[in-house]
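Asker: Sending over a structure as structure tokens; questions will come in a sec.
The values are calculated or read from the model by the stated rules, or taken from the named source; none is laboratory data. Being a predicted model, the structure only gives us computed values, none of them experimental. Neighbour counts are summed over all protein chains in view; Cβ atoms, including those assigned to glycine, are modelled from backbone coordinates with ideal geometry.
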Amino acid sequence: MVLMDIQMPGMDGYQATAQIRTNPRFTYQRLPIIAMTANALAGDREKALEAGMNDYVPKPVDVRQLAAALLRWLAPQGSVPAQQAPIPAPQVLNTRSALERLGDNPQLYQRLQRLFRDSHSADVTALRAALEQPDLELAHRIVHTLKGVAATIGAEALAGLARRLESAILARDASLYPACLHDLDQEMSTVLAAIGSG
């Protein structure tokens with residue numbers, strides 16, 4: 001199975017799917033492709049299916065929706081292990097909402113928090129550099145990804161600030177960049193402190 005991101009640099013998910021489907025080994029039934037996108041707009045599902053994908057899951061990913069899609073296209077591979085009780089987290093993270101999306105899996109939630117810390121802690125610095133160049137395509141890619149992963153771990157304020165900067169970039173309104181970056185930097189520090197170094 002392929003979990004296909006729609007917004008990718010160089011070649012988007014629709015183009016990648018079209019290329020995959022030209023190979024007779026990767027037919028609709030033999031290689032399921034599930035579209036995954038943060039732009040959950042009306043008509044996106046139909047567009048994905050028309051492009052040759054089998055299914056569609058919006059981001060931030062709700063693990064229940066993803067599991068349902070997987071079960072529609074893959075044979076079950078064993079039972080799901082019993083889950084422990086949800087872990088407490090600082091209020092800056094909407095733990096309840098994040099755990100619901102992750103199927104009440106606290107181990108996965110902790111793993112995603114660590115992955116966020118290790119992979120995205122320098123995003124604001126990278127955004128600032130990209131906007132100064134200016135490389136708006138790179139800046140948009142960084143902030144779009146940050147928006148999605150922040151929402152996935154329940155960092156809702158950070159996701160909202162990333163969405164605000166993304167809108168400013170798409171509107172080419174450079175006057176908004178400094179304030180957006182400042183607020184994003186402050187909230188990123190708060191989220192990283194909430195995640196901690198464990």
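Asker: Pull out all pairs, ordered by first then second residue, where Cβ-Cβ is under 6 Å, the residues are six or more apart or on different chains, the first lies in segment 177-198 and is farther than 22 Å from H140 by Cα and not assigned by TED's automatic domain parsing to the domain that holds A155, and the second is assigned to a helix (DSSP H, G or I) and at pLDDT below 90.
Answerer: Sorted first by the residue in segment 177-198, then by its partner, the list stays empty.
Asker: Checking the condition at pLDDT below 80 and of a type outside the set (D, E, K, R), which residue from G52, G43 passes?
Answerer: Numbers: G52 fails: at pLDDT below 80.
The unique qualifying residue is G43.
Asker: Pick from T27, T37, T22: which is within 23 Å of L71 (Cβ to Cβ), of a type in the set (S, T, Y) and surrounded by fewer than 16 Cβ atoms within 10 Å (Cβ to Cβ)? Give the steps one after another, and end with the answer.
Answerer: On the way: T37 fails: surrounded by fewer than 16 Cβ atoms within 10 Å (Cβ to Cβ); T22 fails: within 23 Å of L71 (Cβ to Cβ).
Answer to the selection: T27.
Asker: OK, next. Which residue is surrounded by the most Cβ atoms within 10 Å (Cβ to Cβ), if the candidates are limited to segment 127-143 and must be without any contact (Cβ under 8 Å) to a residue 60 or more places away in the chain and under 18 Å from the mean Cα position of the chain (by Cα)?
Answerer: Among them, the one singled out is V143.
Asker: If you don't mind, another one. Got a number for residues in segment 40-58 being of a type in the set (D, E, K, R) and buried (at least 18 other Cβ atoms within 10 Å of the Cβ)?
Answerer: Going through segment 40-58, the residues of a type in the set (D, E, K, R) turn out to be 44-47, 50, 55.
Next cut, buried (at least 18 other Cβ atoms within 10 Å of the Cβ) only: 55.
Of the residues in segment 40-58, 1 are of a type in the set (D, E, K, R) and buried (at least 18 other Cβ atoms within 10 Å of the Cβ).
Asker: Against the condition assigned to a helix (DSSP H, G or I), touching a Pro at 6+ places or on another chain (Cβ under 7 Å) and not assigned by TED's automatic domain parsing to the domain that holds R64, how does G148 come out, does it pass? Write out each step before concluding.
Answerer: Working: assigned to a helix (DSSP H, G or I): yes; touching a Pro at 6+ places or on another chain (Cβ under 7 Å): yes; not assigned by TED's automatic domain parsing to the domain that holds R64: yes.
Criteria met by G148.
Asker: Another one. Please enumerate the residues belonging to segment 92-109 that are small (G, A, S) and more than 18 Å from M188 (Cα to Cα). Give the derivation first.
Answerer: Narrowing segment 92-109 to residues small (G, A, S): 97-98, 103.
Scanning segment 92-109 gives S97, G103.
Asker: Determine whether segment 154-168 contains at least one residue that is in contact (Cβ under 8 Å) with a residue 12 or more places away in the chain and within 17 Å of P9 (Cβ to Cβ).
Answerer: Start the filter on segment 154-168 by keeping residues that are in contact (Cβ under 8 Å) with a residue 12 or more places away in the chain, which leaves 154-159, 161-166, 168.
Filter once more, so that each one left must be within 17 Å of P9 (Cβ to Cβ): 166.
The answer is yes; a qualifying residue exists.
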